[in-house]
Amino acid sequence: MSAVSSRFRLDERERAALDRDGFVARRSAFTPDEVHAIGDACEALIQRLLDEQRAAKEEAGAYVFEHLQHLGTAVKWEKDHREVVLGVEPFAHLSPELSDSAHDARFLEPMKDVIGSEHVALFTEKLNVKRAEHGGPIVLHQDYPYWVNVAEDPGQVGTAILFLDDATRENGCLEVVPGSHREGLGQRQRVDGFGNMEMDSETYDVSRLTPIEVPAGSVIYFGSLLVHRSAPNRTRADRRALLYSYQPSGRRHLRDVVFAPNRRRAAAG
């Protein structure tokens, strides 16, 4: 098993790319059949959440959230089409199939090199489902500001994105700024609340952004300081992506910090 999993570690060329650019892309790391099965599990999860008792939707920064405290997760809705799901976070505890996928060696082994630890565990999971013609943008940001008060060391949190559909410029593929992970925190929006986590695209040189077009089954790995975004999906097909974020083992999962206190307060009240 060790010999099988170790072959998924970053090679010398990929390590150099990670150091230079802040990300590594592996095309078609998962087979079409594997992607189809994972996609089915994602759709089943979304349908389950849609069937749940609804909670109030809250606008925060560029997004609209619905916190399902009893399930320990949040649904992100399209801002301009509030009946259309944009994303879910976290979710592995709600789906045995997606929990199993998170422990695939194709995620775990490269992530050891990304976060610099031989023992890795989930920090959070996010599903982005940019639906056909309605999928909105993911605004310019770095992950670090969202995690600075949750992760024990945001510098040791990295993300692997598995694309469940072909990602193109037309349907809102990931766009990154190569080398931005070396530049520290960028200027954020000067607003109160959640919007302060978003980067100020008026002052940032967005001409540096590079689109990463990849086929379904591809995985992109990066750390928490890489500047990135994605454009709206205006095509007639979905552009779905599964994001697993990892940290060294033995640390708290985001769900245990963000949702558990709320559940305890609700129970006490």
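The values are calculated or read from the model by the stated rules, or taken from the named source; none is laboratory data. Values in this document were obtained by computation on a predicted structure and should not be read as measured data. Ideal geometry is used to build each Cβ from the backbone, glycine not excepted, and the neighbour counts take in all protein chains shown.
The table below gives the values:
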item: Output for the range 1-57, where each listed residue is among the β-branched types (Val, Ile, Thr) and surrounded by 12 or more Cβ atoms within 10 Å (Cβ to Cβ); result: Val24, Val35, Ile38, Ile46
item: Selected residue (criterion: farthest from Arg182 (Cα to Cα)) from residues of the range 213-246 that are of a type in the set (Gly, Ala, Ser) and more than 13 Å from the chain's Cα centre (by Cα); result: Ala237
item: Residue within the range 178-196 that is touching a strand residue (DSSP E or B) at 6+ places or on another chain (Cβ under 7 Å) and modelled with pLDDT of 95 or more present; result: yes
item: Given (1) surrounded by 15 or more Cβ atoms within 10 Å (Cβ to Cβ); (2) under 15 Å from Gly22 (Cβ atoms), index of the condition Arg182 fails; result: (1)
item: Within the range 148-160, considering residues that are modelled with pLDDT of 95 or more and out of contact with any Leu (no Cβ under 6 Å at 6 or more places or on another chain), the one surrounded by the fewest Cβ atoms within 10 Å (Cβ to Cβ); result: Gln156
item: The range 58-116: number of residues that are among the polar types (S, T, N, Q) and either under 25 Å from Tyr144 (Cβ atoms) or crowded, with 16+ Cβ neighbours inside 10 Å (or both); result: 3
item: Failed condition for Phe123, given (1) more than 15 Å from Ser249 (Cβ to Cβ); (2) among the aromatic types (Phe, Trp, Tyr); (3) touching a Ser or Thr at 6+ places or on another chain (Cβ under 9 Å); result: (1)
item: Per-region count, the range 200-246, residues hydroxyl-bearing (Ser, Thr, Tyr) and assigned to a strand (DSSP E or B); result: 6
item: Strands (runs of 3 or more DSSP E) fully within the range 77-189 counting 3 or more residues that are within 27 Å of Asp11 (Cβ to Cβ); result: 120-130, 158-163, 174-176
item: Residue within the range 12-31 that is more than 27 Å from Leu225 (Cα to Cα) and modelled with pLDDT of 95 or more present; result: yes
item: Scope the range 190-199; condition more than 23 Å from Gly135 (Cβ to Cβ) and in a strand (DSSP E or B); matching residues; result: none
item: Subset of the range 161-179 (residues that are out of contact with any Pro (no Cβ under 7 Å at 6 or more places or on another chain), crowded, with 16+ Cβ neighbours inside 10 Å and of a type in the set (Gly, Ala, Ser)); result: Ala167
item: Looking only at the range 77-91, and only at residues there that are without any contact (Cβ under 8 Å) to a residue 40 or more places away in the chain and not acidic (Asp, Glu), the one that is nearest to Phe123 (Cα to Cα); result: Trp77
item: Within the range 28-60, considering residues that are over 18 Å from the mean Cα position of the chain (by Cα) and assigned to a loop (DSSP other than H, G, I, E, B), the one nearest to Phe222 (Cα to Cα); result: Ser28
